[in-house]
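The values are calculated or read from the model by the stated rules, or taken from the named source; none is laboratory data. Note that the structure is predicted; figures quoted are calculated from it, not measured. Quick reminder, even Gly has a Cβ in these numbers, built from the backbone with ideal geometry, and neighbours come from all protein chains shown. When the accessible area is computed, the model is the full protein with side chains, heavy atoms only, and any ligands, DNA or RNA have been set aside. Shrake-Rupley method; radii C 1.70, N 1.55, O 1.52, S 1.80 Å.
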Amino acid sequence: MATPQPLLTDLHVKYIQRLGKSKDDLAYHLTAHLRLNAIYWGLTALCVMGRPDALDRDELIEFVLSCWDEEAGALGAHPDHDAHMLSTLSGIQILLELDAINRLDVDRVVKFILSLQQPSGVFAGDRFGEIDTRFTYCAINALSLLGRLGDWPEEARKRTINYIRECHNYDGGFGNVVGAESHAAQVFVCMAALTILDAVDEVLSPDDQETVSFWLSERQLPNGGLNGRPEKLEDVCYSFWVLSALAILNKLEWIDRAKLVSFILSAQDTTKGGIADRPEDEPDVFHTQFGVAGLSLLGYPGLVDLDPVYCMPAALIEKMGLRKRWKALPRQTTVC
């Protein structure tokens, strides 16, 4: 693999700044269902690159509030969209990063979140009832960020922990529902949810934790990139999903740092900015965020520390008193 460019921070900042100005493009409207998530990805990437003020703060806050679903009492992905757990968490994260969480009706949001827990313990994403361990993580993350885990009954919490336990597979990974195939993103959401609940050691024995770490480390391919499942292609986004879980397990050194850094940087668009899923593909804000997040966990120089449990700036999570068990690689001072 050829030696890639260093992280092109200024170019990536400009790429993110342009995203909200492309309203005449069809792609802008076709991705409306991801709009609030995309703003979170872009803003968090900017925070990690040390440029949190690169977007207009008041404009961002007003857009988040415009996504309020009055009937549900939570946030949709775009104005006039139904509230969903994914967009609600993204809105909370954005408002916290902008120090504007007081603009949100927290009591109604908490009621919305708790209403989506199912008898089995898993959470649905919205009123239509789709279940996934992703939504369970979003619920737990959001309640924690809002300081409202105490509103969640202990018995209901135990049912959720037990459901996550049942999603743990013999190979070490986790699935999106009980019996589903192991997937790196599901390993992250399950491990992070258990971490927030201080239940990792309750669910996973030391041997289990070693097996999870081994399964995650096996996601690295010869070109340095990580995949989400065996026999799949490498993808930059797994730089976060895999590394975050390994950071929780204190096993980041099980990944070849230099090869993964090289792979992430090789997926940069050196003309217009942004990071793609793999080299030569089109960049997008999702892979830009998770590529930068992965680099931060790997100790790439010049980046801000990222909390892998909440996927937010570590200093903010520390300030909120929510720091949990995780360990990133030491921040390097020069590019190796």
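Quick notes on this structure:
- Flag not set for R229, criterion: farther than 16 Å from G173 by Cβ and in a loop (DSSP other than H, G, I, E, B).
- Selection status of I248, β-branched (V, I, T) and touching a strand residue (DSSP E or B) at 6+ places or on another chain (Cβ under 7 Å): no
- Count of residues meeting criterion [outside any loop (DSSP other than H, G, I, E, B), open to solvent by 10 Å² or more (accessible area, probe 1.4 Å) and in contact with a strand residue (DSSP E or B) (Cβ under 6 Å, 6 or more places away or on another chain)] in segment 254-308: 2
- Members of segment 88-120 found to be touching a Lys or Arg at 6+ places or on another chain (Cβ under 8 Å), assigned to a helix (DSSP H, G or I) and closer than 18 Å to Y310 by Cα, listed by number: L95, V110
- Criterion (within 26 Å of H84 (Cβ to Cβ), out of contact with any strand residue (DSSP E or B) (no Cβ under 7 Å at 6 or more places or on another chain) and among the β-branched types (V, I, T)) met by exactly one of I164, I131: I164
- Scanning segment 162-177 for residues that are of a type in the set (A, V, I, L, M) and either in contact with a Phe, Trp or Tyr (Cβ under 6 Å, 6 or more places away or on another chain) or open to solvent by less than 10 Å² (accessible area, probe 1.4 Å) (or both) yields a single hit, I164.
- Whenever a residue of segment 302-317 is more than 15 Å from D99 (Cα to Cα) and touching a residue at least 24 places away in the same chain (Cβ under 8 Å), its partners that are surrounded by fewer than 24 Cβ atoms within 10 Å (Cβ to Cβ) and among the charged types (D, E, K, R), lying with C-beta atoms within less than 8 angstrom and at least six residues away or across chains, give the pairs L303/R331; D305/R331; V309/K324.
- Among the conditions (1) in contact (Cβ under 8 Å) with a residue 60 or more places away in the chain; (2) crowded, with 17+ Cβ neighbours inside 10 Å; (3) among the acidic types (D, E), the only one that D235 does not satisfy is (1).
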